[in-house]
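*Asks:* First the structure, then my questions, so here it is.
Computed from the coordinates by the stated procedures, all read-outs in this text should not be read as laboratory data. Fair warning: this is a prediction, and the values are worked out from it, not measured in the lab. Neighbour counts are summed over all protein chains in view; Cβ atoms, including those assigned to glycine, are modelled from backbone coordinates with ideal geometry.
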């Protein structure tokens, strides 16, 4: 299914009949975002947070890419959370599994505190 998104003929207005990834308009908008390029040009401080158990956006792959893209910036901070998945909820094991998303959970207070502390540290 994801290969369809990279097909130059992919059209959100006329998606393939076997497209099961949800709204094609959503995916079309996501594909147009160039987050690293936009972030390079920003002057404001940037906090990148990542759950290390996230199987969808894997920190071992993505964080080095972000660091490489943003190496010229001196106002970027990274926070990795070993127990958190893509939803920033805790779990066990190396990588999360989709079934975890069916269990009610909250973002841990320590993540909220880290974000608040980071923001307050930049507001001075």
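*Asks:* Among 12, 96, 103, which comes first, second and so on when ranked by fewest other beta-carbon atoms within 10 Å?
*Replies:* 103, 12, 96
*Asks:* Hey, another quick one. Order these peptides, 30-43, 63-76, by their mean beta-carbon neighbour count within 10 angstrom, highest first.
*Replies:* Numbers: 30-43: 10.0, 63-76: 12.5.
Going by the mean number of other Cβ atoms within 10 Å, highest first, we get 63-76, 30-43.
*Asks:* What distance in nm lies between label points placed 7 Å from Cα along the C-beta direction at residue 4 and residue 99?
*Replies:* Result: 2.8 nm between the two label points.
*Asks:* Using a Förster distance of 25 angstrom, determine the FRET efficiency expected from the C-beta separation of residue 11 and residue 33, and round it to 0.05. Mind dumping the intermediate values first?
*Replies:* On the way: r = 18 Å, r/R0 = 0.72.
About 0.90, to the nearest 0.05.
*Asks:* Just for the Cα atoms in the range 1-56, what are the lengths along the principal axes, largest first, rounded to whole Å?
*Replies:* Largest first, the range 1-56 extends 43, 29, 16 Å along its Cα principal axes.
*Asks:* Here is a follow-up. Using the C-alpha atoms of the range 55-124, what convex hull volume per residue, in cubic angstrom, is computed?
*Replies:* Per residue, the Cα convex hull of the range 55-124 comes to 92 Å³.
*Asks:* Quick check on the chain: helices-only [θ] at 222 nm, where DSSP H runs of length 4 and up contribute -39,500 (n - 2.57) each and the sum goes over total residues. Nearest 500, please.
*Replies:* -10500 deg cm²/dmol
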